[in-house]
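In what follows, a single structure is set out as structure tokens and then discussed.
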Amino acid sequence: MRVTQSMLSNNMLRNLSASYNKMGKLQDQLVTGKKVNRPSDDPVVAMKGIGYRTTVNKIAQFQRNLGEVNNWIDSSDDALDHVGQVMHRAKELATNMANGTLTPEDRKKIQSEIDQLREQIQDLANTKVGDKYIFSGTKTDKPLFKDGVMQADDAFGKAVEIEVFDGVMLQVNTDTVDMFKEIDEMFGQMKEAVEDENTTQFDQFIGQIDANMDKVLTTRADIGARQNRVEMMENRLSSQEVAATKQMSDNEDIDYEEVITEMLTQEAVHRAALAVGARIIQPSLVDFLR
């Protein structure tokens, strides 16, 4: 087969174009730090990257979910801590009333304080995280108490769960409906006893207060157990995040030293190709006639 000048020129241009493309690809890798900048660069790496990135994104979402779980649990524990403080003060008042040595003015002050403590309990029962009532079960848009009266709704006792890992759900709310109801009714009875000057009944109230304080402590212990589990889930997600991020990095990120070396090598090859090409296309009819 006869090799013509045109064939040599076309081959040279084709090879130079391929060399430019390869240099361009290496340059893109150095600029972005990624092996693949479009799926056509390496379909296998691109497909693996989609899977790894999906895993990393899911972990990030679970971590955000855990943040929401912590908000619910911490707010519940803080509210119940304040309930315990109210119970301590109620016990002090009940003890004072049981002594039977108070003046009518003293009893009036105690009655007023009992009203305030009752309102405080109702406010704590209506604690919110954002725009959600945390003690209202699945009825997060509805307060437990309204106008001083507990609302009747079966949904108040239902669990609210948030996904914190694949297939792992954590209950974030605390069922305190019965406890708040008993405490509220107890304060109502205490108020009536003060009005009736029935001091002997306050010995019973002291026992009720102690029982309700035990319920508060038991409920807080349950919250503490869930807090421990949340902490373990956070550690697990952190480990998963490190592993998934490393896999994604190993799959997509370039080795800068290797790519720079390859770039320098390709530049040397390209210069050599240009030099050879210049010698190939240089001769012309005028050159032969000289």
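The numbers here are math on the coordinates, done by the rules we state, and not lab data. Since the model is a prediction, treat every value here as computed from it, not as a measurement. Please note: Cβ atoms are built from the backbone with ideal geometry, for glycine as well, and neighbour counts cover all protein chains shown.
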* **All lysines inside 25 Å of residue 132 as judged from Cα atoms, apart from same-chain residues fewer than 8 positions distant** => 58, 142, 146, 158, 181, 215
* How large is the Kirkwood hydrodynamic radius of segment 168-255, in angstrom, based on all distinct alpha carbon pairs? -> 17.4 Å
* For residue 22, which lysines qualify as cross-link partners when the Cα separation must be under 24 Å and same-chain residues fewer than eight apart are set aside? -> 34, 35, 48
* For the chain, evaluate the Debye formula with one uniform point scatterer on each Cα (no solvent term) and list log10 I(q)/I(0) at q = 0.08, 0.13, 0.17 Å⁻¹, rounded to two decimals. => -0.60, -0.96, -1.24
* To do: About the Cα centre of segment 78-249, how large is the charge dipole given +1 on each Lys and Arg Cβ and -1 on each Asp and Glu Cβ? Please answer in debye to the nearest 20.
  => 500 debye
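Taking only Cα atoms of segment 78-249, what ratio of Rg to Rh do you get with Rh as the Kirkwood inverse-distance radius?
Working: Rg = 20.8 Å, Rh = 18.3 Å.
My calculation puts Rg/Rh at 1.14.
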* Virtual paramagnetic centre 7 Å along Cα→Cβ of residue 227, amide N under 13 Å, in segment 73-100 -> 73-82
* Asked: If you place +1 on the Cβ of every Lys and Arg, -1 on the Cβ of every Asp and Glu, and leave all else neutral, what size is the dipole of the chain about its Cα centre, to the nearest 20 Debye?
  -> 2760 debye
* To do: Choose one of 186, 173, 86: the residue whose Cα lies farthest towards the positive end of the charge dipole of the chain (beta-carbon charges +1 Lys, Arg; -1 Asp, Glu; about the Cα centre).
  => 173
